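The values are calculated or read from the model by the stated rules, or taken from the named source; none is laboratory data. What you are looking at is a predicted structure, and each value in this text was computed from that prediction instead of being measured. Virtual Cβ from ideal backbone geometry, glycine too; neighbours counted across all protein chains shown.
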Amino acid sequence: MSLRMTPPLPLVFLLMIVGASRTEWSVKYNQQKICALNGSTVFMNGTFTHPEGLTVTETFWFIDPVKGVEPTDLSKDPVYSGRVKFLTDDQKHFSLKLSDVMKKDEHRFYFRIITNEEKERWAGEPGVQLRVTELRVKAPEEVTEGQTADLTCKTTCSLTDPFIWYKNGHPLTTKTIKNNQLHLQTVSSEDAGSYSCAVGGSQHLRSTAHSLRVRYPPKSVSVSISPSGEIVEGSSVTLTCSSDGNPPVKIYTWFKEGGTSPVGSGQNYSIISITADHTGLYYCEAQNDHGALNGTVMVTLKRQNLFAVWIAVGVGSFVLLLITVLICIFRMKKTHETNHNKSKQDENIYTTVTHSTSRPVQAADSGADDAQYATIQKRNDQVTSNDQQGDPQYASVTFRHRTANTESPTQNVEDPSVIYSTVRKD
């Protein structure tokens, strides 16, 4: 019979307590996989433990371990220098802050612990795998009005932060955002625009904008008349049609109210010489691949005001007549002034004419017509003798005949043969 020595009970409990309280090496990461947005800042965190009796002299992070080779501190790597920052506290918490993340930062990152014992060093496994992604909007280029459309903010790895959508640079607050997708239930022309996406905390890192085009029939059609204002018969008129459909309207057809056949085509319709037959309501039909819409315009002529026409004709005639009369008066006055000036030059007006003889008057002399004048005095006091130039006009002429009388030699006797004693100018 063999005996087996069994340790005393107190010693068993002591061994159990020592084994349970012994501290081992351990490194625990909060996340073993991280997806970071290109250009953002990422944090890697965790905790660690080490056996008792050891003193931690250095901690750092490294990548790409090689067996048998001491890893390089990232803070001393030119690629990461200035972009990394290590933090460790007394509670054995550690973290890595990596700024301005780039695509080439996709590596597995490890936490390294060095103690006062040369052989007591530890590298935390399995490390943290970093993936870097960019944002990209995936959506149809065009969608027809009335249909549905889904816009997705695409990434190469899963981001944990919520997605934010922007339209034409303004954030959308619609409830149709689910995860990384924007759902447009019934597309309208107002949904056309530029869309981009971002994630919370990195709103400045938006995706490239995506332009969404919406196809729709003409929404409105307007018709204008040129020249504007009242239209006068015989003038030229151009009607112009415009619309806002997508794709742009290229088919325009013109109709006149009451007619079944088109009167023209194209965006412009011209009437060269308008008459009363051209007046009425005109329709412009704008059509694209998704529908058609009409626009109207009324063409009317300016009514002639007969009363105003007669007034204009009367005024014109009166003015013409007045001008004619003034011209005639001017010409008559001019002629009168010319004749008056001429008569002034030729005028010889006599105030007194005295007829005398130095010889006895014979019977024949009393009836003679060739009486001689001794003195002629003009009204203008100029005295001439025997002035017979021109055609003199007399204001007053008195003829007196001297006869021989023995009784009264100086007595003047009027000649009874003189018919006119006074001649006056008309």
query = Quick check: is even one residue across region 160-178 touching a residue at least 40 places away in the same chain (Cβ under 8 Å), hydrophobic (A, V, I, L, M, F, W, C), farther than 18 Å from Asn246 by Cβ and not assigned by TED's automatic domain parsing to the domain that holds Gly39?
reply = no
note = When every residue in region 139-159 that is touching a residue at least 60 places away in the same chain (Cβ under 8 Å) and charged (D, E, K, R) is compared, the one nearest to Leu205 (Cα to Cα) is Glu141
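Okay, residues lined up against (1) in contact with a Gly (Cβ under 6 Å, 6 or more places away or on another chain); (2) within 30 Å of Ala139 (Cα to Cα):
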{"residue": "Lys219", "(1), (2)": "no, yes"}
{"residue": "Pro262", "(1), (2)": "no, no"}
{"residue": "Ser265", "(1), (2)": "no, no"}
{"residue": "Cys284", "(1), (2)": "yes, no"}
inquiry  = Considering only region 106-116, I want to know if a residue exists there that is modelled with pLDDT of 95 or more, among the hydroxyl-bearing types (Ser, Thr, Tyr), touching a strand residue (DSSP E or B) at 6+ places or on another chain (Cβ under 7 Å) and part of a strand (DSSP E or B).
reply    = yes
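Answer with yes or no whether Trp165 is touching an Asp or Glu at 6+ places or on another chain (Cβ under 9 Å), aromatic (Phe, Trp, Tyr) and either within 30 Å of Tyr269 (Cβ to Cβ) or in a strand (DSSP E or B) (or both). Steps first, please.
Working: touching an Asp or Glu at 6+ places or on another chain (Cβ under 9 Å): no; aromatic (Phe, Trp, Tyr): yes; either within 30 Å of Tyr269 (Cβ to Cβ) or in a strand (DSSP E or B) (or both): yes.
Against the criterion (touching an Asp or Glu at 6+ places or on another chain (Cβ under 9 Å), aromatic (Phe, Trp, Tyr) and either within 30 Å of Tyr269 (Cβ to Cβ) or in a strand (DSSP E or B) (or both)), Trp165 does not qualify.
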ask   = Can you name the residue in region 34-56 that is surrounded by 11 or more Cβ atoms within 10 Å (Cβ to Cβ) and over 25 Å from Glu134 (Cα atoms) and is also nearest to the chain's Cα centre (by Cα) among such residues?
value = Gly46
ask   = Residue check, Arg22 against (1) at pLDDT 50 or above; (2) surrounded by 11 or more Cβ atoms within 10 Å (Cβ to Cβ), all met but one. Which one?
value = (2)
request  = For region 126-136, indicate whether the set of residues that are in contact with a Pro (Cβ under 9 Å, 6 or more places away or on another chain), surrounded by 19 or more Cβ atoms within 10 Å (Cβ to Cβ) and either more than 30 Å from Glu52 (Cβ to Cβ) or modelled with pLDDT of 95 or more (or both) is non-empty.
outcome  = yes
ask   = Counting only residues that are in a loop (DSSP other than H, G, I, E, B) and modelled with pLDDT of 95 or more, which one in region 81-105 is nearest to Ala36 (Cα to Cα)?
value = Val101
